[in-house]
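What follows is one structure encoded as structure tokens, with my remarks underneath.
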Ligand code: IPE
Ligand code: IPE
Ligand code: MG
């Protein structure tokens, strides 16, 4: 879908509708400076604010950030706790986005998060639900495999209760039960562009269903060093790609 682009991008740049970012490299950023990993997460959170605003200013409509994976619980307890503390702090500050007409939704299994955090998540979602400049999806305790298993469970329950006929389950049925289709009445489209900083070239369980035809952009920059210009570079690279979706 062609959209009007911001002056920061060359004329004719094709904008991705949905951009996903795997915010990686916080730990290495801190280590390089001899600082504790949690300082890297603090810096990464600053970058999150700047880049989210820039995505909106460029005209991106859906922006998903991978903040904490279902596998990140394997980390030392003090690091997990520092990350959760940062979320709580940022959920207070994320309200600034509301002034910018950004709708905020969370994807992932929130039942395992602290009750206080869950409460703040719900209230941010409610307070921003009518905003329309951009939808920001924050993936917390998110895993693509968990999301698909969660959908399978919901579909199985419907089949048992007779609401769904097993023979009629299609790709569209599964899609309807993903976290990205449960945005309080709204649905995020498939992800067009996935950006992964820090030099790693893998999905790490991020949007594995939604990324079926996503374009990937990798950079060695560590997430805390990622600048608005780097987002522009990724979008320009995306714009030059030839997406065929299996056709010719
Ligand atoms: C990403 O940075 C943040 C989370 C996974 C929460 P990392 O903490 O993975 O940083 P590196 O990969 O160790 O540098
Ligand atoms: C992916 O990064 C998860 C987030 C950025 C939230 P990881 O650092 O956890 O991924 P791996 O372990 O390098 O694959
Ligand atoms: Mg990492």
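Structure data summary
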| read-out | value |
| --- | --- |
| Complete set of residues in segment 162-179 that are under 30 Å from residue 124 (Cα atoms) and away from ligand 2 (no atom under 16 Å from the Cβ) | 172, 173, 174, 175, 176, 177, 178 |
| Residue match in segment 179-191 (condition: free of Cβ contacts under 8 Å to residues at least 40 places away in the same chain and touching a helix residue (DSSP H, G or I) at 6+ places or on another chain (Cβ under 8 Å)) | yes |
| Segment 10-31 residues that are over 29 Å from residue 213 (Cβ atoms) and near ligand 1 (Cβ under 6 Å from one of its atoms), paired with ones that are modelled with pLDDT of 95 or more and in a loop (DSSP other than H, G, I, E, B) (beta carbon under 6 Å, 6 or more apart) | 28/222 |
| Residues that are in a helix (DSSP H, G or I) and closer than 21 Å to residue 64 by Cα, drawn from segment 134-166 | 144, 145, 146, 147, 148, 149, 150, 151 |
| Single residue of 96, 85 found to be at negative phi and either within 15 Å of ligand 1 (Cβ to nearest atom) or buried (at least 19 other Cβ atoms within 10 Å of the Cβ) (or both) | 85 |
| Count - residues of segment 49-74 that are surrounded by fewer than 16 Cβ atoms within 10 Å (Cβ to Cβ) and within 14 Å of ligand 1 (Cβ to nearest atom) | 3 |
| Selection count, segment 213-223, where residues are part of a strand (DSSP E or B) and either within 15 Å of the chain's Cα centre (by Cα) or touching a residue at least 24 places away in the same chain (Cβ under 8 Å) (or both) | 3 |
| Verdict on residue 131 being closer than 13 Å to residue 184 by Cβ, within 16 Å of ligand 1 (Cβ to nearest atom) and either in a loop (DSSP other than H, G, I, E, B) or modelled with pLDDT of 95 or more (or both) | no |
| Residue that is within 13 Å of ligand 2 (Cβ to nearest atom), within 28 Å of residue 187 (Cβ to Cβ) and under 19 Å from the mean Cα position of the chain (by Cα), where the choices are 68, 62, 97 | 68 |
| Residue, farthest from residue 172 (Cα to Cα), within segment 190-217, restricted to residues that are within 16 Å of ligand 3 (Cβ to nearest atom) and surrounded by fewer than 16 Cβ atoms within 10 Å (Cβ to Cβ) | 199 |
| Residues within segment 19-43 that are surrounded by fewer than 23 Cβ atoms within 10 Å (Cβ to Cβ), outside any helix (DSSP H, G or I) and more than 11 Å from ligand 2 (Cβ to nearest atom), tallied | 4 |
| Selection within segment 236-248 - within 11 Å of residue 15 (Cα to Cα) and either out of contact with any strand residue (DSSP E or B) (no Cβ under 7 Å at 6 or more places or on another chain) or exposed (fewer than 14 other Cβ atoms within 10 Å of the Cβ) (or both) | 236, 239, 240 |
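Here's the yes/no breakdown for (1) outside any loop (DSSP other than H, G, I, E, B); (2) within 12 Å of ligand 1 (Cβ to nearest atom); (3) closer than 18 Å to residue 143 by Cα; (4) under 14 Å from the mean Cα position of the chain (by Cα):
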| residue | (1), (2), (3), (4) |
| --- | --- |
| 180 | yes, no, yes, yes |
| 188 | no, no, yes, yes |
| 195 | yes, no, yes, yes |
| 199 | no, yes, no, no |
| 204 | no, yes, yes, yes |
| 208 | no, no, yes, yes |
| 211 | no, no, yes, yes |
| 229 | yes, no, no, no |
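The values are calculated or read from the model by the stated rules, or taken from the named source; none is laboratory data. Remember, predicted model here, so these are calculated numbers, not experimental data. Cβ sites come from the backbone with ideal geometry, for glycine too, and all protein chains shown count toward neighbours.
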